[in-house]
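Worksheet: the structure to be examined is printed underneath.
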Amino acid sequence: MMSKAALTRVGAVAAVMLGLPAAATAQYEDVPRPPAYALEDVTVVEPDGRRLEGVTIVVRGALIEAMGRGVAVPADAEVLAGDSLIVYPGFIDGNGDADHEFPDPEIDRSDVEVWNAPRELQGFMPSRRLVAHLTATGEDLESARREGIVAAAIHPEGAMMPGQGAFLLYRKHATHPGQLVLQPEIGVKLEFRGGQGVYPGTLFGVMAFIRQALEDARHRGLALAAHSRDPRGMPVPAWDPDYATLREVLAGLPVFFEADAAADILRVIGLAEEYGFRPIVLGGEEAWKVADQLASRDVPVLVSVDFREPRRWDPESEDQDSLDAAVEREKREYIDRYSNAGRLAEAGVTFALTSGGSGELLEGARKAVEYGLSEAAALAALTRTPAALFQVPWIPQLGEGLPATFVVASGPLFHEDTRIAYTFVEGWKEEGSTPREGGDPETAASFAGDWEMEIDAEGQLIDAVMTIEQEGATFTGTMMLQGQPLDVVDGVIDGNAVSFTALMEQGGQTLEIDITGTVEGDTASGEADAGPLGTARWTAERTGPGGAR
């Protein structure tokens, strides 16, 4: 861990980089936002797939202040270059991840009877609420926002009935877990998972346990109702939170049932029909095999696109006709996984795409599109469908007066080279970080050469020089800032948009400063972001070899 002294040194140098007094870095944890943002001349893709060209969007505070053609850009707005940018609804991850911590049960195993074990060992905890153990803040969810994820359902895991999940809006400014919560209870999670060395330990035992638990919950409900009508001659029924939760399940509370194998999905459907609960399949790797049954019973599937890498089969290989038996078998397995969502769409199954808790949602969605899912269906499965399933239909809507929650992409969303440029959640901007290899070298602006820079942070100016070496649509280089050399890495050019990282070495530690901007001939300008240490605007003029295209 960085020492306090080292952190102070890095903070002081970074403060100079951003034109900020060193003392200021200790006073502010959040970088003040500009009064407004403006995206000028962008394309907007509505949740239903409709496209609107040449649109200007003005974001002020948490809301979209104005949106349409011919909208005037306010004088106090920070303009984000947009002639090649496309605005989409933000992604909703139906099985996301956020830090939470359940307490470890203090159980003496020597006293445990395997046939009558504590519920924590059996995995019977449907009343446990994840929201009560949530520890995440907005800062912890930065990487997910960088991938375009604006909201997610978070489910407990690791047990037969691990509890109830919650639905979160990934607010950047949330300093307390409660500020992320939109819905504290979204439904009970179930898995075909045995107990921790106790009954039920087999699939047969788990099925029997689930049935018995639902029967007991129903019976206890009848006893409570009878006592309420006439208590004479009846003991007062004991209230049990786990059985009370299962009665909510019998009354319509959703059950998020984790199941990948087709046989397990059929077991879920059978249990739901037997007891009348409302199932939503989580994972669904082999859902395509039982698509007709899912469609006819209107059972939604939250399809994981967290695809593992093949061990033997190389999808990029040109030779796909002379594979040995093991590679051919793996190839068929992976094609089935990749085409799962497309087959569900063809069968009319309601489904959404999820990251499976990995947070990498867009990459998996692109793979599903590559293997048969239409782009329109993929967009719906990332936005409109999960919004309906979790009863938050307003999240993917775009328009004046609505929350400024959306994704800005550098091009068509499902194209391999498109990157997430920005993610907005209620007006708070996050820089994107989707991996990319740059744009088309033929259309990439020239950024090579020597540059003189001026950095402006709220009127405080500081000079720097930079030397860039460009190859096609990528570049590296060095920056000199008051005698401090910084390496320039990960440089990418997409049209006239540039982005790179400046690495500041100080006290054995490395601070990454993310820099974005645009090139116009021999001038350039943009923004430098050092995270919690601050942001600044910069301008530059080319003074050495390179030259504009």
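The values are calculated or read from the model by the stated rules, or taken from the named source; none is laboratory data. What you are looking at is a predicted structure, and each value in this text was computed from that prediction instead of being measured. All Cβ positions, even for glycine, are placed from backbone atoms using ideal geometry, and neighbour counts span all protein chains on display. Keep in mind that these areas ignore ligands, DNA and RNA; they rest on the heavy atoms of the full protein, side chains included. Shrake-Rupley method; radii C 1.70, N 1.55, O 1.52, S 1.80 Å.
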Return a yes/no flag: does the range 88-97 have any residue that is closer than 24 Å to LEU180 by Cα, crowded, with 17+ Cβ neighbours inside 10 Å and in contact with a His (Cβ under 7 Å, 6 or more places away or on another chain).
yes
Only strands (runs of 3 or more DSSP E) wholly contained in the range 397-487 count here; list those with 3 or more residues that are open to solvent by 20 Å² or more (accessible area, probe 1.4 Å) and modelled with pLDDT under 90.
460-471
Could you identify the single residue in GLU370, GLU375, GLU363 that is open to solvent by 20 Å² or more (accessible area, probe 1.4 Å), modelled with pLDDT under 95, among the acidic types (Asp, Glu) and on the phi < 0 side of the Ramachandran plot?
GLU363
When you scan the range 403-414, do you find a residue that is under 19 Å from ALA528 (Cα atoms) and free of Cβ contacts under 8 Å to residues at least 40 places away in the same chain, even just one?
no
Can you tell me which of ARG218, ARG171 is outside any helix (DSSP H, G or I) and open to solvent by 40 Å² or more (accessible area, probe 1.4 Å)?
ARG171
When the residues of the range 121-135 are narrowed to those that are part of a helix (DSSP H, G or I) and without any contact (Cβ under 8 Å) to a residue 40 or more places away in the chain, which ends up most open to solvent (accessible area, probe 1.4 Å)?
ALA132
Candidate set from the range 313-342 (those that are open to solvent by 80 Å² or more (accessible area, probe 1.4 Å) and under 16 Å from GLU286 (Cβ atoms)); member that is farthest from the chain's Cα centre (by Cα):
ARG329
Scanning the range 298-310 residue by residue, those open to solvent by 60 Å² or more (accessible area, probe 1.4 Å) and in contact with a strand residue (DSSP E or B) (Cβ under 9 Å, 6 or more places away or on another chain) turn out to be ASP306
Inspect the range 280-295 for any residue being within 27 Å of the chain's Cα centre (by Cα) and without any contact (Cβ under 8 Å) to a residue 40 or more places away in the chain and give the result as yes or no.
yes
Can you name every residue in the range 490-519 that is closer than 18 Å to GLY439 by Cβ, open to solvent by 20 Å² or more (accessible area, probe 1.4 Å) and among the hydrophobic types (A, V, I, L, M, F, W, C)?
ALA497
Restricted to the range 174-201, and to residues that are touching a helix residue (DSSP H, G or I) at 6+ places or on another chain (Cβ under 9 Å), among the hydrophobic types (A, V, I, L, M, F, W, C) and under 30 Å from GLY432 (Cβ atoms), which residue is surrounded by the most Cβ atoms within 10 Å (Cβ to Cβ)?
LEU180
Output the residues belonging to the range 343-360 that are open to solvent by 10 Å² or more (accessible area, probe 1.4 Å) and either at pLDDT below 95 or polar (S, T, N, Q) (or both).
THR350, GLY356, GLY357, SER358, GLY359, GLU360
Selection within the range 95-112 - in a loop (DSSP other than H, G, I, E, B) and touching a residue at least 12 places away in the same chain (Cβ under 8 Å)
ASN95, GLY96, ASP97, ALA98, ASP99, GLU101, PHE102, PRO103, PRO105, ILE107, VAL112
LYS289: farther than 25 Å from PHE192 by Cβ and of a type in the set (Lys, Arg), yes or no?
no
Of those in the range 141-158 that are under 29 Å from GLY205 (Cβ atoms) and at pLDDT below 95, the residue surrounded by the most Cβ atoms within 10 Å (Cβ to Cβ) is GLU157
